[in-house]
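The values are calculated or read from the model by the stated rules, or taken from the named source; none is laboratory data. Since this is a predicted model, take the numbers as computed values, not measurements. Counting neighbours? That spans all protein chains shown, and the Cβs are built from the backbone with ideal geometry, glycine included. With ligands, DNA and RNA removed, areas are computed over all heavy atoms of the protein, side chains included. Shrake-Rupley method; radii C 1.70, N 1.55, O 1.52, S 1.80 Å.
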Amino acid sequence: MIFSRNAFNTLPSRRRSGREVCLRAFFGALLAFGMFSTASLRAQVASNSATGLSYGTVQAAIDAWGSNYTVFILANTAAAISINNKTNLVVTGTNNVSPFRITGAGTGTGVTITNRSRNIVVSNLIIERFALGVSIDRCQSNAVSLTVRSNQNSACPGAGVHLNYATNNIIDGIIHDNTNVSGANDYGGAGLYAIYSVSNTISAHIASNVVTNTTGVPSGGGVYIVSGRFNVVSGNIVANRISNSVGGGIDFDYGYGNSITGNVTKNSAWEGGGIYLFYCTNTYVNSAVVSNIAAAGSGGGIYMAGCTSNAIAGALTYNIATNPAYYDYGAGLVMKSCITNMVSASVGWNTAASSGGGIYCSNVRWSVFSGPIFSNSQYDPMQSGGGIFLNFSSSNTISGDVFDNICSNGYGGGIDIDYGFSNSIFGAVTGNFAKYGGGVFVFQTGNVLVSNANISFNTAITDDGGGGFYALAGGSIKIYGSVSSNTASHANAMGGGIRLEGATNCIVAADIIGNRAPYGGGGIYLSDTRNTTITGKIISNYSGGNGSSGGGVYLASSDSNYISAQIMSNLGQFGGGICVDYGKTNMIDGYFYGNIATNGAALYGFVASNLTVSGSYGGNTAFRSFFLQSALFGIYSNMSVFDDRSTISVFYTYQRAEHKIPQQCNNVTVVRCI
């Protein structure tokens, strides 16, 4: 039977769905351009011959003509179909309300497109209960829009759709409830598997597919693409699962230029619950990666290993990695041995048992984290980084805001950087909470730069403190911007704003304002720290507990440091402005005004050797504004004291019997003292 160009209008009239309208427009366009002008065949898998031409099987209708034709499927069938070396062929079901089914018996492949077939369209059908639903092998420029479901395969990767050396194909429709039984093999991709395939678009909704295995290492519960290039996954990937392995939703291995733009939600795997990227380059992810689970490993949302120059955008939220027995890191994102990646995604409300509630990085270099990192949590004891954890990582930049993250039993509520070099923080770090280092914790790390950042309203709860920023055994740390309203809440805590311990060659040139630490160093606490320079403003910090020291700055066992700052309106029992204990060769300069203490409103020194004091001092209130006890070679030089409010005396020096070297005063002016 030969169809005219108006053959499509002869079908029974009824209300047409949006999909039918699109298909009719597509077919009409093909006819208008003469693609299907040769013939159009209507196949009846039953005995109906209403059209005047009847075929007992779909395969017979396909084989009856060479190219440029359409096969309509009018009934359910149990026979698989194969399209071999065809061009310009459309195979479509005619029932848009309830698509016809091609139902197998658990073996074989439902639809096979092979041997250089081109411009093939297979649509509006349900492919079910085969070992493999659809196979496209060494073909290009084809499109399938199908429901592919309930297929189960144990013979090769894939169960729903399998692409092999496929190029420029479109996979649309719904792919769901397929199972790949990996066994001892490294299979996977229960929804879709592709190898050596290029520039394919996967717009299908891929859901509830499962990879099961016993001893093998399969990958990709929903989608598994190996050695693919420029493929796009734009459909939603939902509730897929892989047991004992990686990539619950999507796994890309050894890919280049691939993209993920569909939402990835509620998938689960041992690692990489949502997405797993393995040695991929130039991958682009712009998705909502939400509520995925890493059941026995790391990376609830995304896991990246050995990846280069990838971009992660969109949102990574509500993902979890919460099995402490497996050290589950990085609930939102894990990056290991990755370089030059860009992460602009919003990373929030993720929960990890171990380090990196939002993001965990190990051996990561030259990467930028520009999106907000917020409301993530880590709860296993003595782990790190409620928001983001950089471990053995160098030359990375955190420019997005990091806020409201929790590391209640560990280090670095917002950010933790361990054993790295030349990492930078440019975003605001606010409202984070940790045991040590409420905002930022740095350990054994050099060349950390904090610039134009606002570190504020963070809290540390242990006696070590470091409410805003805590560096332990680091070097060449530079802090600019502002550090304000942070709290070290423990009764014996020190370093409300900043704590530097065992650090060398640091620069603090920030405004340190309104921080609190009950026992010492309301603004800044330096312990065993060398060659550090403190400038900027240190204002209204508080260290008011019993026996507290250094409302503004507390130097303990620290040598060769230089302070030249505006130090005003700070409060501490011993040393309202600055307290120096057991240090030597420190230099103090600047403008001190309105500081309050029991003793040493401006300065309190205890066993402080070779201490040099200069600058301007006014309006400070205590029994004595300057109190030096057992301070060897203390020098007051080029300083003015005005409007002093000491109630006993401005200066006080107490020497033990073994410390009889007098203090020196050179060019000291004292005026308008009360």
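Below, the figures for the structure above:
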item	result
Contour minus Cα-Cα distance for Ser154 and Ala75 (0.36 nm per residue)	25.5 nm
Relative contact order %, the chain, counting alpha carbon pairs below 8 Å whose residues are six or more apart	4
Alpha-carbon centroids, segment 296-343 and segment 263-278: separation in whole Å	9
Cα centroid separation, segment 566-612 to segment 419-471 (Å)	25
Cα gyration tensor category, rounded, prolate or oblate, for segment 306-384 with a/c compared to 1.5	oblate
Residues whose placed amide H lies under 5 Å from that of Ser135, excluding near-sequence neighbours	Val111, Thr112, Ile113, His162
Ellipsoid semi-axes in whole angstrom, largest first, where each is sqrt(5λ) of the Cα gyration tensor of segment 228-272	19, 14, 5
Accessible surface of segment 460-552 [probe 1.4 Å, protein heavy atoms]: carbon and sulfur percent	45
Residue-normalised accessible area of segment 249-342, expressed per residue, 1.4 Å probe, Å²	29
Acute angle (nearest 10 degrees) that the helix 18-32 long axis makes with the longest principal axis of the chain, alpha-carbon atoms	60
Protein accessible area in segment 52-168, 1.4 Å probe - carbon and sulfur %	45
Helical contribution to [θ] at 222 nm, DSSP H n ≥ 4, -39,500 (n - 2.57), averaged over the chain, rounded to 500	-1000 deg cm²/dmol
Amide H contacts of Tyr554 (H built 1.01 Å from N, under 5 Å, at least 5 apart or other chain)	Gly521, Ile524, Tyr525, Leu526, Cys579
Percent carbon-and-sulfur accessible area, segment 253-349, ignoring ligands, DNA and RNA, probe 1.4 Å	57
Backbone HN-Hα couplings from phi across segment 406-422 [Karplus 6.51/-1.76/1.60, Hz, Gly and Pro as x]	10, 9, 5, 10, x, 10, x, x, x, 9, 10, 10, 10, 6, x, 8, 6
Span from the segment 504-552 Cα centroid across to the segment 57-105 one, whole angstrom	78
Burial order of peptide ranges 431-437, 202-208 (average beta-carbon count within 10 Å, highest first)	431-437, 202-208
Solvent-accessible heavy-atom area per residue, rounded to whole Å², over segment 549-601 at 1.4 Å	29
Cα→Cβ-extended label distance, 7 Å offset, between Ala491 and Asp528, nm	2.6
Accessible solvent surface per residue of segment 71-191, calculated while the other protein chains remain in place, 1.4 angstrom probe, Å²	34
Placed amide H near Ile479: partners under 5 Å, 5+ positions off or other chain	Val450, Ile507, Val508, Ala509
In range of the label at Tyr196: residues from segment 145-168 whose backbone nitrogen is under 15 Å from the point 7 Å along Cα→Cβ	163-167
